[in-house]
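Notes follow the structure.
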Ligand SMILES: [Zn+2]
């Protein structure tokens, strides 16, 4: 059974099989659950969409960042790709080359895209292309 959930951030509807599980909003990319609301974890995440090409098993998938931090990023991939959790991918966004592991993956066929959360294993995002990374680095106060 699919439940219709309204994103607490952008207020668009998407579908989930559970009100408790956290799933990403396919529109704005925040993680939320129907029961617990949006993810409040503050890890210096910055919302910014940067389009890039994701090479995957001989295909060039169109993708875009949704948000990112020093340790990872969420991206959306256009079309209806299916990528297994745990897969390691290497790609570049601008001049930043990173090696990442898929932590979670959700298809959103209603908007023809998939949203996935990636952990950065190697490499880093260039602060010049990802403005804000430096600032969140230096931040030591809890908000
Ligand atoms: Zn949303």
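Since every read-out is calculated from the coordinates, none of them should be taken as a lab result. Everything numeric in this text was worked out from a predicted model, so none of it was measured. Ideal geometry is used to build each Cβ from the backbone, glycine not excepted, and the neighbour counts take in all protein chains shown.
Would you calculate, for the chain, the mean residue ellipticity at 222 nm contributed by helices, counting each DSSP H stretch of 4 or more residues as -39,500 (n - 2.57) and dividing by all residues, to the nearest 500? Please report the intermediate quantities before stating the final value.
On the way: 1 runs with 6 residues, N = 143.
After summing the helix terms and dividing by residue count, I get -1000 deg cm²/dmol.
Contact order for segment 1-64, expressed relative to its length and based on alpha carbon pairs under 8 Å spaced 6+ residues apart, stands at 20 percent.
Annotation for segment 80-138 versus segment 1-69: alpha-carbon center distance of 12 Å. In plain terms, the residue of 73, 2, 54, 83 with the fewest other Cβ atoms within 10 Å comes first and the most crowded comes last, giving 2, 83, 54, 73.
Would you mind classifying segment 46-138 by shape? Square roots of the alpha carbon gyration tensor eigenvalues, ordered a ≥ b ≥ c; an a/c under 1.5 is rounded, otherwise it is prolate if a/b is larger than b/c and oblate if not. Since a/c reaches 1.5 and a/b is larger than b/c, the shape of segment 46-138 is classed as prolate. Residues 17, 88, 98 in ascending order of nearby Cβ atoms (within 10 Å, fewest first): 17, 88, 98. Placing pseudo-labels 7 Å out from each Cα toward the beta carbon at residue 49 and residue 88 gives an inter-label distance of 3.2 nm. Highest GNM mean-square fluctuation among 62, 90, 110, for the chain modelled with Cα contacts below 10 Å: 110. Suppose a student asked you for the relative contact order of the chain, using Cα pairs under 8 Å spaced at least 6 residues apart; what percent would you report? For the chain, the relative contact order is 17 percent. Taking R0 as 22 Å, what FRET efficiency do you get between residue 1 and residue 102 from their Cβ-Cβ distance, rounded to the nearest 0.05? Calculated transfer efficiency: 0.25.
Among 1, 89, the order by Cβ neighbours within 10 angstrom, fewest to most, reads 1, 89. Compared with the direct C-alpha span, the chain from residue 59 to residue 13 gains 13.5 nm at full extension, assuming 0.36 nm per residue.
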